[in-house]
Amino acid sequence: MAQIYIAFVDTPGFFAGIIRRVIKQKYIHVAVALDPFLDEAYSIGRRYPSIPLIAGFEKEEKEKILRAFPDADYMVCSVECTAEQKQYVETQLREAMRRRFRYHYAVVGLPFILAKRPFYQRGHYTCSSYAAKLLEEAGICRWEKHFSLVTPRDFFEYYEKQRIFEGSLRELIEISKPAYGVRNGGILYES
């Protein structure tokens with residue numbers, strides 16, 4: 001079996017605070033990654049970490065995020081998939097990155113999420129709706145609702161995920177450095 005990784009992010013800020021209050025959980029952003037250290041992580045999110053209103057499809061750059069949010073917390077989870085499913089996700093992410101300026105944050109869709117009414121405007125997603133659609137199309141995750149209604153809370157409560165890291169972004173960057181030495185071929189969350 002292969003693995004796809006889901007990164008849950010908690011960053012400070014006014015806009016993040018609003019989302020946190022609405023979904024009632026710490027982690028308010030979701031990214032899909034091809035590796036546990038998030039070197040290949042993608043999401044619908046801020047194009048510039050410190051500017052919340054300019055958002056679209058982006059490759060997450062840990063060092064840039066750390067400079068903007070030195071206190072950011074992360075939780076990384078793995079979800080099992082087949083090699084073919086992972087290849088599908090990788091191909092779709094690379095294609096989306098190539099066409100990244102055609103993807104935008106679904107600001108208009110936010111009231112529909114609150115009203116629990118599906119809404120999709122072509123090329124417009126929230127971080128979680130993009131990840132939900134991609135992983136459902138790949139056959140990795142199944143949702144009991146339209147992808148546009150999937151929130152970070154749904155990913156957080158997804159029972160088939162395994163938590164492999166939880167801590168600060170600074171810690172994640174530190175343990176991903178080759179000099180650190182990785183136990184058992186990957187980072188492991190130990191309870």
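Each reported figure results from applying straightforward, stated rules to the coordinates on display, with no laboratory input. In this text the structure is predicted, and so the values were computed from the model without any measurement. Virtual Cβ from ideal backbone geometry, glycine too; neighbours counted across all protein chains shown.
A few remarks follow.
- Across the stretch 136-148, coupling constants 3J(HN,Hα) worked out from phi with the 6.51/-1.76/1.60 Karplus curve, θ = phi - 60°, read 6, 4, 6, x, 8, 10, 10, 10, 8, 8, 4, 4, 5 Hz, and Gly and Pro carry x.
- Of the trypsin sites (Lys or Arg not before Pro) found in the stretch 1-74, those that fall in a DSSP loop while having at most 16 other beta-carbon atoms within 10 Å are K24, K26.
- Since only F8, L53, I23 are under comparison, the one whose Cα sits farthest along the positive direction of the charge dipole of the chain, derived from C-beta charges on Lys, Arg, Asp and Glu, is L53.
- Each Lys or Arg adds one and each Asp or Glu subtracts one; over the other residues with Cβ under 9 Å from the Cβ of K59, this totals -3.
- According to the calculation over all Cα-Cα pairs in the chain, the P(r) per 5 Å bin from zero is 1, 8, 17, 22, 22, 18, 9, 3, 1, 0 %.
- Nonlocal amide H pairs with F119, under 5 Å, H built at 1.01 Å: S148
- Stokes-Einstein D (µm²/s) once Rh is taken as the Kirkwood radius of the stretch 1-93 over alpha-carbon pairs, at 4 °C in 1.567 mPa s: 93
- Per-residue ellipticity at 222 nm computed for the chain from its helices equals -9000 deg cm²/dmol, with DSSP H segments shorter than 4 residues left out and the rest contributing -39,500 (n - 2.57).
- Restricting the stretch 101-174 to chymotrypsin sites (Phe, Trp or Tyr not before Pro) that sit in a DSSP loop and have at most 10 other Cβ atoms within 10 Å of their own Cβ leaves Y159.
- Between A2 and R47, the FRET efficiency from the beta-carbon distance, with R0 = 35 Å, is close to 0.75.
- Backbone HN-Hα couplings from phi across the stretch 94-107 [Karplus 6.51/-1.76/1.60, Hz, Gly and Pro as x]: 5, 5, 5, 5, 4, 10, 4, 7, 8, 10, 9, 6, 7, 4
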